[in-house]
Amino acid sequence: MILIAGVKRQDGGPATFGHYKVGCGGRLPITDQRSESMETVKRPSYARAIAILGWLILSLISAQAWGQSMREVLGVGDTVRISAFRYPDLTTEARVSEEGKVNVPLVGEVMLAGLTPDQAAKYIAKLMREGNYIVNPQIDVAVLEPRSRQVSVLGFVTRPGRYVLDGTAARLTDVLAMAGGLVPAASDKAVVTRNGGSKSQTFNVDLASIIQHGDVSKDIEVRSGDSVFVPKAPVVYVYGEVTRGGAYRLESGMTVMQAISLAGGITPRGSESRMRLRRLGEDGKWKETNAKPLDPVAADDVIYVRESFF
């Protein structure tokens with residue numbers, strides 16, 4: 001690179017000054033080249049900044065939407081504490097009535113059902129300000145007992161009981177997880193009962209389709225006030241000339257030979273051709289038939305393996 005003090009222009013104009021690169025192709029002002037490279041660097045920087053800003057805005061919107069769907073909402077039966085900063089005499093604890101209202105000092109009954117605690121605090125502050133009770137009220141609403149967002153989980157789960165939902169609803173698998181999951185003797189079915197005033201709805205859910213096959217469409221929404229019951233898994237009874245007689249969990253599509261294999265198989269004294277199957281009929285009477293290895297078994301069936309003749 002050579003610094004040229006002055007270069008006379010061919011058109012007779014005044015000399016130009018600057019840094020020039022001298023090569024086979026002539027001279028090129030370094031200042032122009034640097035300016036062009038800077039512009040090419042700036043363009044993608046602006047585009048990247050705009051893209052990042054857009055991504056952040058979309059992420060914020062998604063987070064807010066998720067938060068609103070899972071936030072706690074006041075409902076009938078909830079016990080709340082309402083307090084006012086600098087006014088301890090106004091602190092009160094009350095339960096949300098059947099109409100969804102709470103008796104608030106100074107302003108009277110206020111509809112709070114369906115509001116979040118933050119929304120309820122702002123609404124009460126607005127009423128106090130408009131009524132000229134307090135110039136600049138700072139209200140806080142805290143939930144002491146969230147009875148409106150409870151569900152009952154019963155049956156063959158690790159910890160049966162009542163549980164509080166994070167929002168107004170949750171997926172069935174989330175509710176079962178709060179109860180510690182299923183015990184080994186639990187069925188692959190769950191019964192969700194929803195009380196809707198004068199009549200109730202019952203939903204039979206196949207848990208095996210959700211857990212084993214990933215069918216999330218059957219993972220129904222459990223709402224406040226619902227009850228979830230997980231019954232005991234159906235069993236089949238095996239006794240006679242088997243290694244370990246007893247009751248065994250009935251699996252879908254199980255056959256007589258599969259049930260016997262759970263019992264350790266037939267002893268050397270037993271005979272595969274001398275098996276009997278007892279089943280409870282619809283009339284409430286037991287019926288006994290000869291059983292073959294590939295015969296299907298049903299809940300509460302009794303398989304008896306008799307001794308061989310020889």
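Worth a mention:
- Looking across segment 211-244, the residues that are among the charged types (D, E, K, R) and more than 18 Å from the chain's Cα centre (by Cα) come down to 232, 241, 244.
- Top-ranked residue in segment 128-177 [being polar (S, T, N, Q) and either more than 22 Å from the chain's Cα centre (by Cα) or over 30 Å from residue 212 (Cα atoms) (or both); ranked as surrounded by the fewest Cβ atoms within 10 Å (Cβ to Cβ)]: 132
- Among the criteria (1) modelled with pLDDT of 95 or more; (2) closer than 18 Å to residue 299 by Cβ, the one residue 192 does not fulfil is (2).
- Options 186, 179, 169: the member that is of a type outside the set (Phe, Trp, Tyr) and out of contact with any Gly (no Cβ under 9 Å at 6 or more places or on another chain): 169
- Within segment 292-310, the set of residues being surrounded by 10 or more Cβ atoms within 10 Å (Cβ to Cβ) and over 14 Å from residue 266 (Cα atoms) comprises 295, 296, 297, 298, 299, 300, 301, 302.
- Options 106, 127; residue that is out of contact with any Lys or Arg (no Cβ under 6 Å at 6 or more places or on another chain), assigned to a loop (DSSP other than H, G, I, E, B) and not assigned by TED's automatic domain parsing to the domain that holds residue 221: 106
- Any chance residue 120 is at pLDDT 90 or above, part of a helix (DSSP H, G or I) and surrounded by 13 or more Cβ atoms within 10 Å (Cβ to Cβ): yes
- Figure legend. Inter-residue proximity from segment 125-137: first residues closer than 17 Å to residue 112 by Cβ, second residues crowded, with 16+ Cβ neighbours inside 10 Å and among the aromatic types (Phe, Trp, Tyr), beta-carbon distance below 9 Å, spacing 6+ or different chains. Indicated pairs: 137/87.
- Enumeration of residues in segment 272-310 that are acidic (Asp, Glu) and under 43 Å from the mean Cα position of the chain (by Cα): 282, 295, 300, 301
- Residue check for residue 152: hydroxyl-bearing (Ser, Thr, Tyr), within 30 Å of residue 178 (Cβ to Cβ) and touching a Ser or Thr at 6+ places or on another chain (Cβ under 8 Å): yes
- Considering segment 248-271, the residues that are in contact (Cβ under 8 Å) with a residue 24 or more places away in the chain and more than 43 Å from the chain's Cα centre (by Cα) include one that is nearest to residue 156 (Cα to Cα), namely 266.
- Residue in segment 228-247 that is within 30 Å of residue 178 (Cβ to Cβ), without any contact (Cβ under 8 Å) to a residue 24 or more places away in the chain and part of a strand (DSSP E or B) present: yes
- In the set (1) over 30 Å from residue 236 (Cα atoms); (2) surrounded by 17 or more Cβ atoms within 10 Å (Cβ to Cβ); (3) not charged (D, E, K, R), residue 190 fails one condition alone, (1).
- Residue list for segment 203-255, restricted to those being more than 24 Å from residue 303 (Cβ to Cβ), among the hydrophobic types (A, V, I, L, M, F, W, C) and surrounded by fewer than 17 Cβ atoms within 10 Å (Cβ to Cβ): 203, 211, 216
- Residue 305 vs. criteria touching a helix residue (DSSP H, G or I) at 6+ places or on another chain (Cβ under 8 Å), at pLDDT 95 or above and not in a helix (DSSP H, G or I): yes
The values are calculated or read from the model by the stated rules, or taken from the named source; none is laboratory data. Source: prediction; values computed, not measured. Positions of Cβ are backbone-derived with ideal geometry, glycine not excepted, and every protein chain shown enters the neighbour counts.
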